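A quick write-up on the structure given underneath.
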Amino acid sequence: MIYSVINGVTLRMGRMLHMKDTIIKTLVYDKQVRLFLLDNTAMMNEIIHLNQGNHRVLNVALGKLISGVSLLTATIKGEQRISVTVSMSNPAYKIFADIDAHGNVRGYANESLMHGIDEKSASVQDLIGKNASIRMIKGSNMNQFTGITDMPYQTIDDDLSHYFKQSEQVETFIETNLALNNENTVLGSYAMYAQLLPGAPVHLLHDIREILDTNSSFFQKQTNMDIQETQNELRNYFSDIEIIGQSQVQFSCGCSKEMFYGLLLSLDREDLMEAVDDDRSMDTCCHICGRTYLFQPDEIKSIL
Ligand SMILES: [Zn+2]
């Protein structure tokens, strides 16, 4: 049993340490390949719930991008961040995912896409189209690298893998699995990331892909396994696997009331003055996380 003391209250926690929003980091094949596994089912449920009104295909595309990019939190350090923009073939349609090295993740679609997607987009492939692109900005404030590649596979997963090969010359394999029921509840959200370390032969990635394909029942549905069970199971597929650590991911928008003062300023000055005169407060809502910020009349007055 594990005991922990929070605010003076002792909680007794069971031995089960669930894979809840966890990345398991490993090395396989004689430390020639980094292999990371992610279960972000809880986080994905939170995000899909915030995007309930979205077209289902959009939520699947958004979920896949968020899962693929979430894995990258385990590849950066310190104050580094990664921001990814997918521009669909219709250049007005974009989805975004941002992460930092502390496991903070957010993802959203732009307004044009949320309101513009039509019933003709029957699949993620249709939504992406033939002329889409991925842009990735990686680094800290002082030192940034931007890469842009096309999306020849129209799947997001393989296009992310393609990005690393083209833009960073690193052989990488990313696969995401998102199961949504008809009520838009996430039944499971999992992802894998495999990257060759310098000097490793490319066939190792194909070997991993084959293992994932033949054992999809494990790799696509790790539901209800605790971390220890997952690690034991992994040893069945990769005999020399070395678990090098684990980290958490969590949905975090990063918005603040200060950011919404700018939005207020973009409103008609007359409307703001009217609110002050009528002693009315105004509220603004962040469309990424759903948080509402309330502005009192004296706060509105302060920016006029
Ligand atoms: Zn927000």
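The values are calculated or read from the model by the stated rules, or taken from the named source; none is laboratory data. As the structure is a computational prediction, the values presented were derived from the model and not from experiment. Quick reminder, even Gly has a Cβ in these numbers, built from the backbone with ideal geometry, and neighbours come from all protein chains shown. Areas reflect the complete protein model, heavy atoms only, side chains present, ligands, DNA and RNA absent. Shrake-Rupley method; radii C 1.70, N 1.55, O 1.52, S 1.80 Å.
The distance between label points at Gln228 and Glu258 comes to 4.5 nm (points 7 Å beyond Cα on the Cα→Cβ vector). Summing Lys and Arg as +1 and Asp and Glu as -1 over all other residues whose Cβ lies under 9 Å from the Cβ of Ala191 gives a net charge of -2. Full extension of the chain segment joining Asn110 with Lys130 gains 5.2 nm, where the gain is 0.36 nm per residue of separation less the Cα-Cα distance. Lys and Arg at +1, Asp and Glu at -1: add these up for the other residues within a Cβ distance under 9 Å of Arg81 and post the number. Net charge around Arg81: -2.
Values of log10 I(q)/I(0) for the chain across q = 0.07, 0.15 Å⁻¹ run -0.33, -1.23, by the Debye formula with one identical scatterer at each alpha carbon and no solvent.
Could you sort Met273, Met192 by accessible area so the largest value comes first, with the probe set to 1.4 Å?
Numbers: Met273 80, Met192 0 Å².
Ranked from most to least accessible, the order is Met273, Met192.
Only helices enter the 222 nm calculation for the chain: every DSSP H run of n ≥ 4 contributes -39,500 (n - 2.57), and dividing by all residues gives -9000 deg cm²/dmol, rounded to 500. When the listed pairs Lys31/Lys130; Lys31/Lys165; Lys77/Lys165 are checked against a 28 Å cut-off, the alpha-carbon distance exceeds it for Lys31/Lys130. Restricting the stretch 86-175 to trypsin sites (Lys or Arg not before Pro) that sit in a DSSP loop and have at most 14 other Cβ atoms within 10 Å of their own Cβ leaves Lys120, Lys130.
Solvent-accessible surface of the stretch 19-251, averaged per residue with a 1.4 angstrom probe and all protein chains in place: 44 square angstrom. Sparse packing (at most 16 other Cβ atoms within 10 Å of the Cβ) combined with a DSSP loop state is found for the following GluC sites (Glu not before Pro) in the stretch 59-163: Glu79, Glu119. Karplus-derived 3J(HN,Hα) values for the stretch 97-108, using 6.51 cos²θ - 1.76 cosθ + 1.60 with θ = phi - 60°, are 9, 10, 9, 10, 6, 8, x, 6, 9, 9, x, 6 Hz; glycine and proline are entered as x. Taking packing as the residue-averaged number of other Cβ atoms within 10 angstrom, the listed peptides 65-77, 28-40 run from highest to lowest as 65-77, 28-40.
Note on Lys120 and Ser266: their simple-model spin labels are 2.8 nm apart, each label 7 Å out from Cα toward Cβ. If R0 is taken as 30 Å, the Cβ-Cβ distance between Met142 and Asn181 corresponds to a FRET efficiency of 0.10.
Given their separation in residues at 0.36 nm each and the Cα-Cα distance between them, Tyr237 and Arg209 gain 8.9 nm when the chain is fully extended. Counting heavy atoms of the protein chains alone, His55 has an accessible area of about 40 Å² for a 1.4 Å probe. On the basis of the beta-carbon distance and an R0 of 25 Å, Asp158 and Cys289 show a calculated FRET efficiency of 0.25. Here the calculated FRET efficiency for Glu274 and Glu46, from their Cβ-Cβ distance with R0 = 45 Å, stands at 0.75, rounded to the nearest 0.05. Run down the lysines and flag those whose C-alpha is under 22 Å from the C-alpha of Lys257, throwing out any fewer than 8 positions away in its chain. Within the straight-line limit of under 22 Å, Lys257 reaches these lysines: Lys301. For the chain, the longest principal axis of the alpha carbon atoms and the long axis of helix 203-214 meet at an angle near 80°.
Could you give the accessible area per residue of the stretch 252-304, probe 1.4 Å, as a whole number in Å²? Walk me through the numbers on the way to the answer.
On the way: 3350 Å² over 53 residues.
That works out to 63 Å² for each residue.
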